[in-house]
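The values are calculated or read from the model by the stated rules, or taken from the named source; none is laboratory data. Bear in mind that the values here come from a model prediction, so they are computed numbers and not experimental data. Backbone-built Cβ (ideal geometry, glycine too); neighbour counts: all protein chains shown.
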């Protein structure tokens, strides 16, 4: 029988309520799937630390206190856990860089895997439904994920603007899937679209159901994910599993995730992102090779 703890994440309350429930239930082992291991927890514990993004990009946190909290709690979890799981060798290196006193033998990499539901072919009827529902006509570049600054969506839009200036790509669209609230919050994305001169060719979608995402992956001509940092980065893996060629970043864990099955770019260079998109869209042999490798 599951036991639900309703205290807010990153709150003082979770440091009290969770240990109380563990004590009452007589729990022998706690797995915390996040870097916050309650301070009052005296049970044997393991923790999963997915990434060190709060430490690498403190400017994205709401204030200095949030940074101090993240740094302290992550260090506390590493010291007090019998085992630390992380999702990539890149994240493991980051953890050891920020916490050099950590025992390397207690930090184990267990990679993420995609949801098997994405592997199921949606079928032609569902593909047609998605085309009609989203008014998809012709080729498009797809991005899926949140739109926080480190995802580098602004440079992707700028690169798409360059792509549209080159002959043979007048028909291509850019579809950006992300949480609606996040897109609204980052109004700079829409200003970036205007600056790139592609207002008629970029579409922002909010949340889409998993079966719709599975169809969109398969309909896309290329999936673009030029993130500045990922602890793992599931979307490129999902796109490859759906038979879509991928352009992604050569930073952090992404080369580890995609291996030799994607085109890797410097995510800080707009021209390099644009060139990679142009290569995939214009070279059928390259596309087929990337699809087969993926």
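Taking the condition of being assigned to a helix (DSSP H, G or I), in contact with a helix residue (DSSP H, G or I) (Cβ under 6 Å, 6 or more places away or on another chain) and under 23 Å from residue 87 (Cβ atoms), how many residues in region 257-294 meet it? So the count comes out to 2. Checked against the criterion of being crowded, with 17+ Cβ neighbours inside 10 Å and either modelled with pLDDT under 95 or part of a helix (DSSP H, G or I) (or both), the candidates 174, 213 yield just one match: 213.
Each residue in region 188-208 was checked for being surrounded by fewer than 20 Cβ atoms within 10 Å (Cβ to Cβ) and either assigned to a strand (DSSP E or B) or at positive phi (or both), and 4 of them qualify.
Restricting attention to region 189-207, which residues are under 20 Å from the mean Cα position of the chain (by Cα) and at pLDDT below 90?
Just the residues of region 189-207 that are under 20 Å from the mean Cα position of the chain (by Cα), to begin with: 189, 203-207.
Result: 189, 205, 206, 207.
Restricting 174, 216 to those that are touching a residue at least 24 places away in the same chain (Cβ under 8 Å) and under 23 Å from residue 267 (Cα atoms) reduces the list to 174. Screening residue 167 on (1) at pLDDT below 95; (2) surrounded by 14 or more Cβ atoms within 10 Å (Cβ to Cβ); (3) more than 26 Å from residue 253 (Cβ to Cβ) shows it passes everything except condition (2). Tell me, please, whether a residue that is assigned to a loop (DSSP other than H, G, I, E, B), out of contact with any helix residue (DSSP H, G or I) (no Cβ under 9 Å at 6 or more places or on another chain), modelled with pLDDT under 95 and surrounded by fewer than 17 Cβ atoms within 10 Å (Cβ to Cβ) can be found in region 124-143. Taking every residue of region 124-143 in turn, at least one turns out to be assigned to a loop (DSSP other than H, G, I, E, B), out of contact with any helix residue (DSSP H, G or I) (no Cβ under 9 Å at 6 or more places or on another chain), modelled with pLDDT under 95 and surrounded by fewer than 17 Cβ atoms within 10 Å (Cβ to Cβ).
Within region 50-66, can one find any residue that is in contact with a strand residue (DSSP E or B) (Cβ under 9 Å, 6 or more places away or on another chain) and either closer than 16 Å to residue 232 by Cα or buried (at least 16 other Cβ atoms within 10 Å of the Cβ) (or both)? If you could, list the steps in order and put the result at the bottom.
Step one: list which residues in region 50-66 are in contact with a strand residue (DSSP E or B) (Cβ under 9 Å, 6 or more places away or on another chain), which gives 50-51.
Cutting the leftovers down to either closer than 16 Å to residue 232 by Cα or buried (at least 16 other Cβ atoms within 10 Å of the Cβ) (or both) gives us 50-51.
Yes, because at least one residue in region 50-66 is in contact with a strand residue (DSSP E or B) (Cβ under 9 Å, 6 or more places away or on another chain) and either closer than 16 Å to residue 232 by Cα or buried (at least 16 other Cβ atoms within 10 Å of the Cβ) (or both).
Can you find, within region 275-294, the residue that is nearest to residue 169 (Cα to Cα) among those that are touching a strand residue (DSSP E or B) at 6+ places or on another chain (Cβ under 9 Å) and surrounded by 17 or more Cβ atoms within 10 Å (Cβ to Cβ)? Top of the filtered list is 281. Pairs please, first residue from region 123-147 and assigned by TED's automatic domain parsing to the domain that holds residue 214, second anywhere and modelled with pLDDT under 90 and part of a helix (DSSP H, G or I), Cβ atoms under 6 Å, 6+ apart in sequence or on different chains. That search, which allows pairs on different chains as well, returns 146/182; 147/182; 147/183. Taking region 14-60 as the range and being closer than 20 Å to residue 109 by Cβ and in a strand (DSSP E or B) as the test, the residues that pass are 31, 32, 45, 46, 47, 48.
Sort through 11, 91, 7, 76 and tell me the only one that's part of a loop (DSSP other than H, G, I, E, B) and either touching a residue at least 24 places away in the same chain (Cβ under 8 Å) or within 28 Å of residue 229 (Cα to Cα) (or both). Before you say what the answer is, go through the steps one by one.
Numbers: 91 fails: part of a loop (DSSP other than H, G, I, E, B); 7 fails: either touching a residue at least 24 places away in the same chain (Cβ under 8 Å) or within 28 Å of residue 229 (Cα to Cα) (or both); 76 fails: part of a loop (DSSP other than H, G, I, E, B).
Residue meeting the stated conditions: 11.
Contact map, region 185-200: first residue closer than 18 Å to residue 147 by Cα, second residue at pLDDT 85 or above and in a loop (DSSP other than H, G, I, E, B), Cβ cut-off under 7 Å, separation 6 or more or different chains; pairs are 186/147; 189/147; 193/199.
I need the full set of residues from region 95-105 which are exposed (fewer than 13 other Cβ atoms within 10 Å of the Cβ) and either in a helix (DSSP H, G or I) or not assigned by TED's automatic domain parsing to the domain that holds residue 68 (or both), in order please. Give the derivation first.
Going through region 95-105, the residues exposed (fewer than 13 other Cβ atoms within 10 Å of the Cβ) turn out to be 97, 100-101, 103-105.
Answer for region 95-105, where residues must be exposed (fewer than 13 other Cβ atoms within 10 Å of the Cβ) and either in a helix (DSSP H, G or I) or not assigned by TED's automatic domain parsing to the domain that holds residue 68 (or both): 97, 104, 105.
All conditions but one from (1) touching a strand residue (DSSP E or B) at 6+ places or on another chain (Cβ under 7 Å); (2) within 19 Å of residue 276 (Cβ to Cβ); (3) surrounded by fewer than 23 Cβ atoms within 10 Å (Cβ to Cβ) apply to residue 251; the one that does not is (1).
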